[in-house]
Amino acid sequence: MKKKHPAIVPTKVAIATSIAVMQLGAAWAQNAQPAAAGSGLNLDEMVITATPEARSKMKQSLSVSSMDGDQIQDAMPASSAEILRSIPGIRAEASSGEGNANVTVRGLPISAGGSRYVQFQEDGLPVLLNGDYNFLTPDVYMRADMGTEGVEVVRGGSASTMATNAPGGVINFISKTGEAEGGTIGLTTNVGGSTSRRLDLNYGVRISDTATFNVSGYARDGQGPRATQGVNMEGGGQIRLALNKDLGGGNNIKIYAKFLDDKTPLIMDSPVRIVNGQIVQLNGVNPGTFSPYAGGLPRIASWGLYGGGPGNMNDGLRAVSKAFGAEVNLDLGGGWRLNDKFRISSNGGSFNGIMPAAYGPTNNLTNPSSSNASGYQALFLGSRFNDAGLAVNDLKASKTFQMADQAKLTSTVGVFMASQKLNMDWEIGGFNASLPVNGSSTYGSYSSWYQRNVNETFNSLAPYAALGYERGPLNIDASVRFDRQKVTGSWADSGSKGGLGIGYHSDLNSYSVGANYSLSKDTAVFARISKGGALPSDRILAYGGACGNNCLQNGNQTPNTVTQYEGGLKWRNGPVTTFVTLFQAKTDETNYDVTTGVSSANKYDAKGVELEASYKAGNFRLNGGMTVTNAKVTDSNIAGYAGLTPNRQAKVIFQLAPSYRFGPATVGASIIGTTSSQDGQTTALQATLPGYTYVNAFAKYDVNAATTVMLGVNNLFNTLGYTEINTDRAAARSITARTVRLSVRYNF
């Protein structure tokens, strides 16, 4: 196992990366041929995500990144969150498997998990209304496949006003609709280690002069990325359908459907020791490969507060979704355009995770008695998603007015409506298990410790409006949004069992103002100020929110707010393209962590710089990015926390992605790193998360015009990289050790 890199190493690598990319431009720009259209960071690409109107990246006063479907497939990512680790400004703790990732942007906090300040979208609509429900995050239902046209990521900017619960940004997965005709079928399997097999398909066809159709999906089975003692924890798949119809006269309609039923392992914290603020491995327990799942795990006889039948811990993370949606674009006459998007999703599934609660016969939460601890008490965290369905509609109309001085004024008015169900049964308990976990591990019987039932409906109404002004090189836009949310339902737990009614509301007014000025066709500067936030999710049920439990029945719950300032430069010269953004974000939030039972009320201030750069010369490509953040806790209800850097906030995160094509072969890599950070501050288990750098690599070879063979390696050098500890027990979560996958694709 490769040792953790010292914290200083990623800092030097990140700085060197940035300098190298910039210097390449200075050294090569004069002699190199102009970059081909669409190369580099694609600054001429039109942006449609979280913006009042479609404009090119060069003209938007936003920080925007994008990846196309081919880039995603070549990277062979292990999850949706793994895709995002290649995008500057995004902090994705992609260490939990296919779902339940923690995702945020530019120093906004991850204080109790999830993606509170970032909205995951599919074709312009949210996957879930909130990003931080207990046990349920939107990436659970987001599976990229060959039918993914690309991903657009808007950080900050008008995301505060063009989407609900998205002040940090919007991550939009865009589906293919069949414009590119033809099909691809692919088979992927793990090489060595645990078994994992996946079959992918995409097919696009023009079914008439005015209509196209696309079908995509996958099926898989196996253990997953980590050995699970022979238990097949991967199983299921996804089918997606899309139809695009040109109605003539600038009108069109797109129709989408998705059917997802997929089961994958849920990777939780591994047993470790915390010694003098350092994470120390137990003998025989590698956090990069540790998996608690096995055929001998005890069964749960009666699940949840109301006896919901038996449960199997080996179900891992299961996502079930049936969704149908459409987008309509119409010319209303008089210069008015109408756009309406709607989707109805029936969502279900379950969360089954295991992590250490205590060690050995001494029941020591902090340290096992020695590095040879022979057993531990396991904590089971479970939730059944009885109903997480979402009905959502976003309707907007816009008109562009041509001014006398050749300026253009565009007005947009819209209304967003959503109804999110959240019906869950919790089951939390424990059992004893021997270490290391293998086929001969022994287990004690399961004991139930806590149950909860949550049955909520979140009804959201958000009218919004925007004005855009364009004259010559100057673009200015301003927008406002008025979120009004009503929450009804009930909840009960094993402490009360009598049931508590829910009937509260939460209001949030947001604004965003930005300007972009093009100094030339290759250089632009921009600036923006925004204020937005995130409405409370079910996390307030544990403590009643800012005004106590009375507000759960009748009151106004205070939203979590974010104020942001940003400004930057977009520049390209020959083969070099750069995008630099300075930012400041101030956050005021309350939160609850189910794994520790801690309620928090904190204020944060994060300042920094975000760099994205690209270099292209012939068959060589190099994309790089770096985010430097100086964040502080400015106020907190937790004694001693104010004045510290927020937990798990690294000073520097960086990405570097070189690739080279020679003849029929292409090789490439994705190098991702972070400096060290602290977690569990002010607790007895405070520890350093060491800085680390890991490498994902791929090689592909075009056997002929139709057939391609690919080899992908995640975590090539077996780096151990901790993303979090648990502040209530000696446990830590690491990225997964090296996995190797072989893929064969056939185009037809």
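All of the numbers you see were taken from the coordinates with simple rules; none came from a lab. Keep in mind that what you see is a predicted model, and the values were worked out from it rather than measured. No Cβ is skipped: glycine too gets one built from the backbone with ideal geometry, and neighbour counts run over all protein chains shown.
Run the reach check for K616 against lysines, Cα to Cα strictly under 18 Å, same-chain hits fewer than 8 apart removed. What comes back?
K570
Which far-off residues, 5 or more places away or on another chain, put their amide H under 5 Å from the one on A357, with H placed in the peptide plane?
Q377, A378, L379
Within 10 Å of each candidate Cβ there may be at most 15 other Cβ atoms; applying that plus a DSSP loop requirement, which trypsin sites (Lys or Arg not before Pro) in region 445-545 survive?
K497, K521
Could you quote the convex hull projected area for region 191-311, Cα atoms only and averaged over all directions, in nm²?
With every direction weighted equally, the projected area is 14.5 nm².
Add +1 for every Lys or Arg and -1 for every Asp or Glu among the other residues with Cβ under 14 Å from the Cβ of M46, and state the total.
So the surrounding residues net to -3.
What lysines does K586 reach when the alpha-carbon gap must be under 19 Å and sequence neighbours fewer than 8 apart in one chain are set aside?
K586 reaches K531, K603, K607, K632, K651.
Using the count of nearby Cβ atoms within 10 Å as a rough guide to exposure, how do K616, K258 rank from fewest to most?
K616, K258
Determine ³J(HN,Hα), in whole Hz, for all residues of region 283-297 in sequence, where each value follows from phi through the Karplus function 6.51 cos²θ - 1.76 cosθ + 1.60 and θ = phi - 60°; x replaces Gly and Pro.
Coupling constants for region 283-297: 4, x, 10, 9, x, x, 10, 4, 9, x, 7, 6, x, x, 4 Hz.
Taking H placed 1.01 Å from N in the peptide plane, check which residues at least 5 places from A642 or on another chain put their amide H under 5 Å from its amide H.
Excluding prolines and chain starts, which carry no amide H, the hits are S636.
Would you mind ranking T675, T682 by Cβ crowding within 10 Å, fewest neighbours first?
By the 10 Å Cβ count, ascending, the order reads T682, T675.
Please report the base-10 log of the normalised intensity I(q)/I(0) for region 551-706, using a Debye sum with one equal scatterer per alpha carbon and no solvent, at each q in 0.11, 0.14, 0.15 (1/Å).
-0.66, -0.88, -0.95
N623: net charge of surrounding residues, Cβ under 11 Å, Lys/Arg +1, Asp/Glu -1, itself excluded?
+1
Can you tally the net charge around F259? Count Lys and Arg as +1, Asp and Glu as -1, for every other residue whose Cβ sits under 13 Å from the Cβ of F259.
Taking every other residue near F259 into account, the sum is +1.
Can you give the relative contact order of the chain as a percent, counting alpha carbon pairs under 8 Å and 6+ residues apart?
15 percent
Counting residues in region 44-177 as N, plug N into 2.2 N^0.38 Å and put the Cα Rg over that result.
Taking the Cα Rg and dividing by 2.2 N^0.38 Å, one obtains 0.96.
Would you mind ranking E152, E470 by Cβ crowding within 10 Å, fewest neighbours first?
E470, E152
Starting with the highest mean, order 178-185, 204-211, 419-426 by the number of other Cβ atoms within 10 Å, averaged over the residues of each peptide.
419-426, 178-185, 204-211
Under a straight-distance cross-link criterion of Cα-Cα below 15 Å, which aspartates and glutamates are reachable from K408, leaving out those fewer than 8 residues away in the same chain?
Filter leaves E53, E470, D477.
Given the chain, what whole percent of its Cα pairs are spread farther than 48 Å?
13 percent
I'd like the Karplus ³J(HN,Hα) series for region 403-412: coefficients 6.51, -1.76, 1.60, θ = phi - 60°, whole numbers in Hz, and an x wherever there's a Gly or Pro.
In residue order, the calculated couplings are 8, 5, 8, 6, 7, 10, 10, 10, 10, 9 Hz.
Can you pull the semi-axes for region 650-727, root of five times each eigenvalue of the Cα gyration tensor, sorted largest first, whole Å?
For region 650-727, the ellipsoid semi-axes come out as 38, 12, 7 Å.
Taking the alpha-carbon set of region 242-284, what are its Rg and Dmax in Å?
According to the Cα coordinates of region 242-284, Rg and Dmax are 25.8, 70 Å.
Where the Cα atoms of region 295-451 are projected onto their three principal axes, how long is each span, largest first, in whole Å?
For region 295-451, the Cα extents along the three principal axes come out at 82, 36, 26 Å.
Quick one: 3J(HN,Hα) in Hz for region 207-222, Karplus 6.51/-1.76/1.60 with θ = phi - 60°, rounded, Gly and Pro as x.
Along region 207-222, the couplings run 8, 6, 5, 10, 9, 10, 9, 9, 10, 8, x, 7, 9, 8, 7, x Hz.
For region 273-360, I need the span (max minus min coordinate) of the C-alpha atoms along each principal axis, in Å, sorted largest to smallest.
75, 40, 23
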